[in-house]
Amino acid sequence: MLVDYELIQRAREGDGPAFNQLVGAYRKRILGTIARLIGRPEDVEDVGQEVFLRLYYSLDQLRSAEVFEPWLYRLTANAAYDYLRKRRRRMESRMADLSEQQVLLADAVAGEKIDRDEGQKKRIRDAVDALLDQVSEEDRVLLTLKEVEGLSLKELGAIYHVKENALKVRLFRARQRVLKAFAAARKQTAGVSGS
Amino acid sequence: MNHQNREAGSNDERLDRLFEAYRAACPDVEPGADFMPRLWQKIEARQGVSVVFGRLARNLATAALALSCLLGLAVSISGSHTNALPGESYVEVLAEDHDNAALDLEPVRFTPAAEQN
């Protein structure tokens, strides 16, 4: 915990300075998580604002200060879902959205054949972002929290209110779907390159 | 079978490496200097909307209550002035009113066109 229970309690009771302190303690961590969940640095702050806005209006529903962190992660995951859903509606994402260059780059990264400067990092972000766009928002958020954010099954269980075994199954299926999308994109790229 | 397992394992490793590269490629996002002021603006804006809605809802409820009182009063006043149904039910009054109309009711006879000719 980055803050003590007393601070959370004070924020729950509507203490403005306590809420400021709470946001100050968690905002960097939450913005980092959002950046990895949505893959678009330019939109991170807006989604972060939405998370803390929801936090402000739902603090009184928090059962106890002990569950604050998983609960904040849940708000974060939900705000990321909403953002990704809206973005998908705007973009009408399709399999073809993963460009040939992105597939080749993802392939090279997966095969450890690449040095990473800033430009390259952006291209990696875009390629993985496009790859994760091929699966559902639920798969994307769950996989990112586990594989990129590094949360344990226990932590994920607390966020999703699901037992560890059920989570393992969901994670396995989500991985399979990403692998399938990756394989399909590679096959398509190979077809384009071959012709 | 072994070949398939090896391939699945290698794909899993590739995906892990891809996620690892993605994690390294995601920059740490520093919140802007106006993060908190913007957040409080949004909180206050939403509070403002809920205050306006609350006020509107209270006014509507008061107006509805006043209107129902007025209507109740109007109905009770008009009820005391008109004795449209003194001790009789609506159906009885209707029957009395249409007493003669019942005499006009002849059974409907149907004569097919062929028989008419």
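Between region A:138-164 and region A:15-70, the C-alpha centres lie 17 angstrom from each other. Neighbours of A:ALA174 by Cβ distance under 10 Å: Lys/Arg scored +1, Asp/Glu scored -1, total +3. Neighbours of A:LYS163, meaning other residues whose beta-carbon lies under 12 angstrom from its beta-carbon, give a summed charge of +2 when Lys and Arg score +1 and Asp and Glu score -1. Between the helical axis of A:118-132 and the dominant principal axis of chain A, each derived from Cα atoms, what acute angle in degrees is found, rounded to the nearest 10? It is inclined by approximately 90 degrees. Along region B:22-28 the Karplus relation, 6.51 cos²θ - 1.76 cosθ + 1.60 evaluated at θ = phi - 60°, assigns HN-Hα couplings of 5, 4, 5, 7, 7, x, 6 Hz to successive residues, with x for each Gly and Pro. The HN-Hα couplings worked out from phi for region A:54-66 by the Karplus form 6.51 cos²θ - 1.76 cosθ + 1.60 (θ = phi - 60°) are 5, 4, 4, 7, 10, 4, 5, 8, 5, 5, 8, 5, 5 Hz, whole numbers, x standing for Gly and Pro. With loop defined by DSSP as not H, G, I, E or B, and exposure as at most 15 other Cβ atoms within 10 Å, which is the longest segment of chain A clear of exposed GluC sites (Glu not before Pro)? Counting at most 15 other Cβ atoms within 10 Å as exposed, the longest clean stretch of chain A is A:113-195. Here is the result for region B:8-38: no chymotrypsin sites (Phe, Trp or Tyr not before Pro) lie in DSSP coil with at most 13 other C-beta atoms within 10 angstrom of their C-beta.
Considering every pair of different Cα atoms, what Kirkwood radius, in Å, is found for chain A?
Details: mean 1/r = 0.0547 Å⁻¹.
Value: 18.3 Å, from the Cα pair sum.
Within the shell defined by Cβ-Cβ distances under 11 Å, the residues around A:GLN61 carry a net charge of +2, with Lys and Arg each +1 and Asp and Glu each -1.
Values in this text are rule-based calculations from the coordinates and carry no lab data. On a predicted model such as this, the values are computed, not experimentally measured, just so you know. Positions of Cβ are generated from backbone atoms using ideal geometry, with glycine treated the same way; all protein chains shown enter the neighbour counts.
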